[in-house]
Amino acid sequence: MEYLNTPILVIIYKRSKTLKKVIESIKKVKPKKIYFAANAPASNNSSEVRKVLNTRDLIKTINWECEIKRLFHKKHLIASESISSGISWFFENENEGIIIEDDCVLSRDFYFFSQELLKKYRDNKSVFQICASNFQDGNIRNDGDYYFSRFNHIWGWASWKRSWEKFDLSLNNFDQAIINKAIDDNFDDFFVRIYWKIMVYYSKQFKYDTWDFQWMICMWIQKSYCITPNVNLVRNIGFGKNSTNTDNSLSKWSNMEEKNLPRPWLEPALFELNDDADKYTMSEFFWNGNNKFYNIFRMLIISILPKKLKNKLKIYKRRFITKLSKNKFN
């Protein structure tokens, strides 16, 4: 039985049910070192505190020989700050590793796939990250087992300290002209450029509690790529009302099956971005198959809405989705 040598960071909060399944998937590879970064309860409410403590207690179920390190925040942080600070802590101690949130169940093959490619591309600064997600609906994009993408998805991923050192949550360390050029260099489509520039404005105003978009912008500025497997290697089981940003339980990306990618892994013949794959991801994942004008209009509206109104609309949206879901299965 082969066991994993690469360290893992698991980001947790209060979802014990999903974390239990994540730990079960980790157990298949028995890593020698695991880091756990946990947010503090959002309130002193007994139910909230109990959920957080029950989730942390699952760390005790790790019953193989393994070094465990913990970072338990003493005060509650918004998700973007909690997650990004946990990743920073991880890379203060490790030069490379695998990062998992508490709702992402990885295929066993991804652990060893990423371990091998972390070593292979360790000194190649053109490679920023390795991700487990594939949103190509079964389309194989080249002659290898993976392709190079301008999108670095974070439903289970691996990277290096050298990459994370470029991260800036606020994006304030980059001149706006540099950010605009990075977007323009990556996209020919005028409307796609507008969409991402609205996203920059949106994130800089801290109207969207996220860190992964900023992470992607940092990759574009560095003119680096993300390795994406030609099959999906992760299942996101966290869609629903308890999620921060993936609240649509009817999304076709919810609970998407994680597949196998057996060795030996074949390197693509060309070291270049796969534009066909990225156009498909843009259309189907980021724009949910909707018209580009609709998506830009939606982003413009969201970017100017007051936070309280946006939160109210989010609640109504969740209720509507819940109702649709019940009707679907009745």
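The values are calculated or read from the model by the stated rules, or taken from the named source; none is laboratory data. Bear in mind the structure is a predicted one, so any value in this text is a computation, not a measurement. As a convention, Cβ positions derive from the backbone with ideal geometry for all residues, glycine included, and neighbour counts pool all protein chains shown.
Some observations on this one:
- Qualifying residue in the stretch 49-64 (condition: more than 20 Å from Leu169 (Cα to Cα), in contact with a Lys or Arg (Cβ under 6 Å, 6 or more places away or on another chain) and part of a loop (DSSP other than H, G, I, E, B)): yes
- Restricting attention to the stretch 122-140, the residues that are surrounded by 18 or more Cβ atoms within 10 Å (Cβ to Cβ) and assigned to a loop (DSSP other than H, G, I, E, B) total 5.
- Considering only residues in the stretch 1-29 that are of a type in the set (Ser, Thr, Tyr) and part of a helix (DSSP H, G or I), the one that is nearest to Asn54 (Cα to Cα) turns out to be Ser16.
- Options Asp137, Asp143, Asp103: the member that is modelled with pLDDT under 95 and within 17 Å of Trp265 (Cβ to Cβ): Asp143
- Set side by side, the residues Asn134, Asn173, Asn142, Asn124 differ, and just one is under 22 Å from Ser88 (Cβ atoms) and either polar (S, T, N, Q) or out of contact with any Cys (no Cβ under 9 Å at 6 or more places or on another chain) (or both), which is Asn173.
- Residue within the stretch 219-235 that is part of a loop (DSSP other than H, G, I, E, B), in contact (Cβ under 8 Å) with a residue 60 or more places away in the chain, farther than 22 Å from Glu92 by Cα and touching a Leu at 6+ places or on another chain (Cβ under 7 Å) present: yes
- Every condition in (1) under 30 Å from Trp265 (Cβ atoms); (2) of a type in the set (D, E, K, R); (3) surrounded by fewer than 16 Cβ atoms within 10 Å (Cβ to Cβ) holds for Lys75 except the one numbered (1).
- Taking the criterion of being basic (Lys, Arg) and at pLDDT 85 or above, the only residue of the stretch 266-300 that qualifies is Lys279.
- In the stretch 72-102, the residues that are out of contact with any strand residue (DSSP E or B) (no Cβ under 7 Å at 6 or more places or on another chain), outside any helix (DSSP H, G or I) and either under 12 Å from Ala38 (Cα atoms) or aliphatic (A, V, I, L, M) (or both): Lys74, Lys75, His76, Leu77, Ile78
- Search result, residues across the stretch 53-70 that are in contact with a helix residue (DSSP H, G or I) (Cβ under 9 Å, 6 or more places away or on another chain) and surrounded by fewer than 17 Cβ atoms within 10 Å (Cβ to Cβ): Asn54, Asp57, Ile59, Thr61, Ile62, Asn63, Trp64, Ile68, Lys69, Arg70
- The number of residues in the stretch 34-52 that are surrounded by 13 or more Cβ atoms within 10 Å (Cβ to Cβ) and over 18 Å from Lys69 (Cβ atoms) comes to 7.
- Candidates are the residues of the stretch 138-165 that are in contact with a Pro (Cβ under 8 Å, 6 or more places away or on another chain) and hydroxyl-bearing (Ser, Thr, Tyr); the one that is farthest from Pro229 (Cα to Cα) is Tyr147.
- Residue, farthest from Asp102 (Cα to Cα), within the stretch 8-41, restricted to residues that are touching a His at 6+ places or on another chain (Cβ under 7 Å) and among the small types (Gly, Ala, Ser): Ala40
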